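Colleague: Sharing a structure below in structure tokens format, with a few things to ask.
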Amino acid sequence: MLLALAIGVLAFQLIGYHIWSLGLYLALYVPLAYKMGWEIGITPSSVLVGHLLVQESTSPELLLNEVLLFLIGTSFALLVNLYMPSREKAIQSYHLQVEEKLKDILLRFKYYLSRGDGRNRAQLVDELDELLDEALKLVYLDHSDHLFHQTDYHIHYFEMRQRQSRTLRNMAQQINTCHLAASESLILAQLFAKIAAQLSQTNPAHDLLDDIEHYLEVFRNRSLPKTREEFETRATLLQLLREAETFIQVKVDFYQKYGN
């Protein structure tokens, strides 16, 4: 807030009390606020700077008044936040439910690939999408109710899981074309089982990308398919492997930003 007032005063001193001064203030303050992680204070701070523009003054008395207004508003917001119900337990419950549903889907994929049976209607993926929608509604509500409560992690976590869900839906459609219990299918089934065991939000999953490269190398060294059916199945399995790589990379990118 003090930084915002300082930039506002500088802008008004340089240009005068015009709308262009406010534009200069925003051009300078907004990027700095985001860089420092103060984006939550952009709106209230800009309102205070707007008061200076309306009053056409940057006198010490007016600046002190703006600081006091900010402190009163902040104190009131903190008191309100103390009495707002916490949804943290419910949010953590959704974390566990989502991870369990992801595990169920991946193990179902393993089952289909192991048996060479592609009958898959992606019902579990539909259930996952519904669960993620419910979780995000709760997280967005929690975010709006708690000005100083950090829910950005939860928002980005469930959005990350949504991206993974879209990848799983693509996989489910591709598995429908796998009707051959090929040796490659068994290899990929093992990979899905390993991914299912490393779904925790605290797991970086870096080693899974190495596994993908290993399996690609294994496929390259195998003999060429002998029939059209084997060729089509091999192509589908390779595409599934690439989708699995995308699935894992989404998690790795998230962990690099939010991991401890």
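The values are calculated or read from the model by the stated rules, or taken from the named source; none is laboratory data. Every value quoted in this text rests on a predicted model; they were computed, and no experiment measured them. Here Cβ is always computed from backbone atoms with ideal geometry, including for glycine, and neighbour counts include all displayed protein chains.
Colleague: Is it the case that the stretch 215-227 has a residue that's closer than 25 Å to Tyr111 by Cβ and touching a residue at least 40 places away in the same chain (Cβ under 8 Å)? Lay out the reasoning, then the answer.
Modeller: Start the filter on the stretch 215-227 by keeping residues that are closer than 25 Å to Tyr111 by Cβ, which leaves 215-216, 218-219, 222, 225, 227.
Keeping just the survivors that are touching a residue at least 40 places away in the same chain (Cβ under 8 Å) gives none.
No, the conditions are met nowhere in the stretch 215-227.
Colleague: Looking only at residues in the stretch 201-234 that are of a type in the set (S, T, N, Q) and loosely packed, with under 13 Cβ neighbours inside 10 Å, which one is modelled with the lowest pLDDT? Before the answer, list the steps.
Modeller: Kept after step one, since they are of a type in the set (S, T, N, Q), are these residues of the stretch 201-234: 201-203, 221, 223, 227, 233.
Now drop any that are not loosely packed, with under 13 Cβ neighbours inside 10 Å, which leaves 202, 221, 223, 227.
Details: Thr202: 75, Asn221: 78, Ser223: 78, Thr227: 80.
Per the criteria, the residue is Thr202.
Colleague: Quick test of your reading of the structure: Leu188 fulfils all but one of (1) surrounded by 15 or more Cβ atoms within 10 Å (Cβ to Cβ); (2) modelled with pLDDT under 80; (3) not in a loop (DSSP other than H, G, I, E, B). Name the failing condition by number.
Modeller: Going through (1) surrounded by 15 or more Cβ atoms within 10 Å (Cβ to Cβ); (2) modelled with pLDDT under 80; (3) not in a loop (DSSP other than H, G, I, E, B) one by one, Leu188 breaks only (2).
Colleague: Buried (at least 16 other Cβ atoms within 10 Å of the Cβ), at pLDDT below 85 and closer than 30 Å to Ala244 by Cα: which single residue out of Ser45, Ser114 fits that description?
Modeller: On the way: Ser45 fails: closer than 30 Å to Ala244 by Cα.
Result: Ser114 is the single residue among Ser45, Ser114 that is buried (at least 16 other Cβ atoms within 10 Å of the Cβ), at pLDDT below 85 and closer than 30 Å to Ala244 by Cα.
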